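Okay, structure first, notes after.
The values are calculated or read from the model by the stated rules, or taken from the named source; none is laboratory data. Predicted model only: the values in this text are computed from it and were never measured. Ideal geometry is used to build each Cβ from the backbone, glycine not excepted, and the neighbour counts take in all protein chains shown. Only protein heavy atoms, including side chains, enter the accessible area calculation; ligands, DNA and RNA are left aside. Shrake-Rupley method; radii C 1.70, N 1.55, O 1.52, S 1.80 Å.
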Amino acid sequence: LIAPRGHTQWVRNIRVAGGGELRRGRRVEAFTVTELPDADKLPILRDYFDRWGWEVARFFEDLPKKPSDDQLVAIAPGVPVFRID
């Protein structure tokens, strides 16, 4: 779970709650999350940008379309990433 807009309200809420609920119709599935440290974000951010960069590029105006690993490491503190458990 990646927050391309940074430390938004939903990020603050999920940190405090430690998880959330996925809902589809009447079906509800609870989940917990673990926030990843900045050092572990690079492969996830790389895959994210390779797959969705065309759509989320507007949130990262200072990055080129194909950011380098160093550029991704530099933005990692501002991009919360959670593992859904």
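For the range 40-61, filtered to residues that are outside any helix (DSSP H, G or I) and in contact (Cβ under 8 Å) with a residue 12 or more places away in the chain, the residue that is farthest from the chain's Cα centre (by Cα) is F60.
Results for (1) on the phi < 0 side of the Ramachandran plot; (2) in contact with a helix residue (DSSP H, G or I) (Cβ under 6 Å, 6 or more places away or on another chain); (3) modelled with pLDDT of 95 or more; (4) open to solvent by 60 Å² or more (accessible area, probe 1.4 Å), shown as yes or no for each residue.
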site: I14; (1), (2), (3), (4): yes, no, yes, no
site: G18; (1), (2), (3), (4): no, no, yes, no
site: L22; (1), (2), (3), (4): yes, no, no, yes
site: R27; (1), (2), (3), (4): yes, no, yes, yes
site: D40; (1), (2), (3), (4): yes, no, yes, yes
site: R58; (1), (2), (3), (4): yes, no, no, yes
site: V81; (1), (2), (3), (4): yes, yes, yes, no
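Taking the criterion of being closer than 14 Å to I2 by Cβ and open to solvent by 70 Å² or more (accessible area, probe 1.4 Å), the residues of the range 42-56 that qualify are P43, D47, D50, R51, W52, E55.
Considering the range 62-74, the residues that are out of contact with any Pro (no Cβ under 8 Å at 6 or more places or on another chain) and not in a loop (DSSP other than H, G, I, E, B) include one that is surrounded by the fewest Cβ atoms within 10 Å (Cβ to Cβ), namely D70. Quickly run through the range 1-36 and pick out the residues that are farther than 25 Å from E61 by Cβ, part of a loop (DSSP other than H, G, I, E, B) and in contact with a strand residue (DSSP E or B) (Cβ under 9 Å, 6 or more places away or on another chain). The answer is G18, and nothing else.
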